[in-house]
Amino acid sequence: MPTPTKTSTSTPTNTPTATPTQDGSGPILSIPSNIPTHASQTVSMPVNFTSNDHSIASTAFSVDFDQTCLAFDATDSDQDGIPDAVTLSLPGAFNVSVTFDGGDTDGELDFFIADLLPPRASLSDGTIVSMTLNVGSPPSATEVAVNFSQDPAASFGNTSGQSVPGTTDGGSVLIVPTGTPTATPTSTCAYQVYLPLLRESR
């Protein structure tokens, strides 16, 4: 009687699953990179919108910047609810809320932009918001990131009231000390401290 032989059984292996990524077809918010400015001056940071053929009627996002290098003045002299350092480029139909929280180190500036009443208007491509930031005094050329917060991430809604997935692309400021030619930027920011010159009298 023949002896039965064992048949080897293949052990299933785990196949890695690719993490889905944005294909770039949704709406985009972006901030330009390497916007040049001089130490102890101000710099205007635009937030640009690209619809990619989506009719976007609302967006909410937060902007994060390094407060050791950049500062925001939240003064609202006309009491309209929008800080003087924020300039809007939007149709009149849009409601806007801008709040600043210096203690929120992951997103100091919060924006909500929406046309709340039907028929809702859609955002046009181009700059929708500009922020004026005060610049510190690094001892050498310094690139400082100005990013969109990921917690919470930016959100978008279309004119039908439906959520639309989108993406953000942060930018940066290139701070050059006054009187210094543009050089390769460093990744840190430090403020200059000026001390009095002491001379020994004889």
Item to check | Residue among Ser137, Ser97, Ser124 that is surrounded by fewer than 14 Cβ atoms within 10 Å (Cβ to Cβ) and touching a Phe, Trp or Tyr at 6+ places or on another chain (Cβ under 7 Å) | outcome: Ser97
Checklist entry - more than 18 Å from Ser58 (Cβ to Cβ) and modelled with pLDDT of 95 or more, is that true of Val129? => result no
Checklist outcome for this item: Per the filter on segment 88-109, residues among the polar types (S, T, N, Q) and modelled with pLDDT of 90 or more are Ser89, Asn95, Ser97, Thr99
Checklist entry - Residue check, Asn147 against (1) out of contact with any Leu (no Cβ under 8 Å at 6 or more places or on another chain); (2) more than 15 Å from Ile28 (Cα to Cα), all met but one. Which one? => result (2)
Checklist entry - at pLDDT below 95 and touching a strand residue (DSSP E or B) at 6+ places or on another chain (Cβ under 9 Å): does that describe Pro177? => result yes
Checklist outcome for this item: Per the list (1) modelled with pLDDT under 95; (2) buried (at least 18 other Cβ atoms within 10 Å of the Cβ), residue check on Thr21 breaks on (2)
Item to check | Given (1) at pLDDT 95 or above; (2) over 14 Å from the mean Cα position of the chain (by Cα), index of the condition Ser137 fails | outcome: (1)
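The values are calculated or read from the model by the stated rules, or taken from the named source; none is laboratory data. Everything quoted here is computed from the prediction, not taken from an experiment. A quick note on method: Cβ atoms are made from the backbone with ideal geometry, for glycine too, and the neighbour counts reach across all protein chains shown.
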